[in-house]
Amino acid sequence: MVSRTRGAHVLVWEQPGLEDQRPKAYSGGLGTRHWVTFMLFLGMANAYIMRTNMSVAIVAMVNHTALPVDKEAIDTECGNVDPNKTSVASTQDGSFVWSSTLQGYILSSFFYGYVLTQIPFGILSKRFGARLFLGVGMLINSVFGLLVPVAAEAGVGWLILVRFIQGLGEGPIVPCSHAMLAKWIPPNERSRMGAAVYAGAQFGTVISMPLSGLLSAYGFAGGWPSIFYVFGLIGTVWCVAFLLLVSEDPEVCPRIKEAEKKYILSSLWGAAGSSSPPIPWSKILTSMPFWAIMLAHMGQNYGYETLMTELPTFMRQVLHFSIKDNGFVSALPYLCMWLFSMFISVVADWMLSSGRFNHTQVRKIINSIGEYGPAIGLFIAANTGCDPAATVAILAVGVGLNGGIYSGFKVNHLDISPRFAGILMAFTNCLANLTGLLAPIVAGYIIEGRPTQAQWRIVFYIAGGVYIFCASFYNIFGSGRRQEWDNPAEDEALAKKAAAKKVEKMEKKAAKNPNVAETAH
């Protein structure tokens, strides 16, 4: 049941005065959609474990004492360096003599594969379904993860190739997860369910960092290889379970209860199945709500990369304190972000269920917390002076508030276009990851050779400004209303129009060639 408002089709229960007609909540407790959400959460956690474990393992793989050491520029505004505080003893060295530049190529090879497959898999999942691409892609990621130790022994070229293939396999995780959420999760549950899935990224990082360190020091097969064997095996088990136990959508799921199926399908208008009409590329690319999400996503990745990669460097160079000296402190920002994203997602869905706020208002309010909060944190961090404790606290709070984005722009694709959500996410996630590359490049250019507080202040101000600009753009042009270019009510009319054009084209050919006249008729 749909209605036309201001030229756009909307869900009937989103119209003023008709809130009583929204689908009744399913009272059957935990259902199949919760199982799907849980499996996607584990998949997201596994994906981020695979992405981050190399950064921990490479420390144990490299023979640091065999490398030429360049003295790092250190700022003395906060006093001279205390060697007992900042030095990290090399209790074990690996066997690979890889320079810092070569290590950078190894670490980035995964990223390039990951970015390359975002858009192709987003388009393919729209046509053929998301489940198979997600499961098989992550299976490739996990299996090749098991091959990392062998590839490293074979040569650095083989290692880069294996990590690149891992990145290719992980490419479907975000667009395909988004596409499955669009098929399984009713609109009034998307904030907390979407946040639960994407919070797997922080959960995976919290697990990966300390556990990879322990396996590197005490694991089997020589230490660091056990990181890839353990996580590769866990990832493979998840992939098999996902492919066997998770269905593409409620309509083809053999285990879902009929009551829950009706609840989900009645909540979704024009479900995001593979039989959806052709992708309206021109309308998407001229849609301001889409570009609002795009800018918010790009600003998020730039600011997030600055927070997570540059603040520790700032504390080492200026405050003479290494955040990596303490495993708990290293994981604390991710833990705060995970916990806050869970809390704020419940708040967001409560705001929607209360009927006092519409989707547009909720997305903008929660996203403002998620992007303005870290911006303020960056501005404060730029002026904390010589206080490591305050900087760590700001890092934790700033990244923690950043968890609001999962109930903000991150699930907004599902609001404006459930049927094309995977494709929209593929585009925004691809460009956002490319934007994230600029953060360390810009910071490195500014502080190269002169890591003073004044120079670092410029780095933080730029990142905070990007956050504010992109969040403000989203607040102006963003929308939580389903867009008219994703309107199931017009599918039949569009199909007839396309068929008429096809017949007209064939009749023109028939006029020129009598042999095709019968076919045209």
Selection from the stretch 283-305 of residues that are surrounded by fewer than 23 Cβ atoms within 10 Å (Cβ to Cβ), part of a helix (DSSP H, G or I) and among the small types (Gly, Ala, Ser) = none
Number of the condition not met by residue 188 [criteria: (1) of a type outside the set (Ser, Thr, Tyr); (2) more than 30 Å from residue 415 (Cβ to Cβ); (3) in contact (Cβ under 8 Å) with a residue 12 or more places away in the chain; (4) surrounded by fewer than 19 Cβ atoms within 10 Å (Cβ to Cβ)] = (2)
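Taking the condition part of a helix (DSSP H, G or I) and open to solvent by 20 Å² or more (accessible area, probe 1.4 Å), does residue 196 pass?
Yes; evaluated as a whole, the condition is true for this residue.
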Return yes or no: is residue 209 open to solvent by 10 Å² or more (accessible area, probe 1.4 Å) and touching a residue at least 40 places away in the same chain (Cβ under 8 Å)?
-> yes
Got at least one residue in the stretch 379-390 being closer than 22 Å to residue 205 by Cα and part of a helix (DSSP H, G or I)?
-> no
Mind checking which pairs have a first residue in the stretch 346-359 that is on the phi > 0 side of the Ramachandran plot and a second that is surrounded by fewer than 17 Cβ atoms within 10 Å (Cβ to Cβ) and in a helix (DSSP H, G or I), Cβ under 6 Å, 6 or more apart or different chains?
-> 355/19
Which one of 107, 102 is more than 22 Å from residue 182 (Cα to Cα) and open to solvent by less than 50 Å² (accessible area, probe 1.4 Å)?
-> 102
Residue in the stretch 175-182 that is buried (at least 24 other Cβ atoms within 10 Å of the Cβ) and more than 26 Å from residue 370 (Cα to Cα) present | no
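Name the residue that is farthest from residue 464 (Cα to Cα), counting only residues in the stretch 351-378 that are part of a helix (DSSP H, G or I) and open to solvent by 40 Å² or more (accessible area, probe 1.4 Å).
Among those residues, the one meeting the criterion is 353.
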Scan the stretch 128-170 residue by residue and report those that are within 22 Å of residue 103 (Cα to Cα) and of a type in the set (Gly, Ala, Ser).
-> 142, 145, 151, 152, 154, 155, 157, 167, 169
Select from the stretch 215-233 the residues that are part of a helix (DSSP H, G or I) and surrounded by fewer than 17 Cβ atoms within 10 Å (Cβ to Cβ) and write down the one among them that is nearest to the chain's Cα centre (by Cα).
-> 233
Determine which single condition residue 237 fails, assuming it passes every other condition in (1) part of a loop (DSSP other than H, G, I, E, B); (2) open to solvent by 80 Å² or more (accessible area, probe 1.4 Å).
-> (1)
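The values are calculated or read from the model by the stated rules, or taken from the named source; none is laboratory data. In this text the structure is predicted, and so the values were computed from the model without any measurement. Cβ coordinates were reconstructed from backbone atoms using ideal geometry, including for glycine residues, and neighbour counts include every protein chain displayed. Side chains included, ligands, DNA and RNA excluded: accessible areas come from the protein's heavy atoms. Shrake-Rupley method; radii C 1.70, N 1.55, O 1.52, S 1.80 Å.
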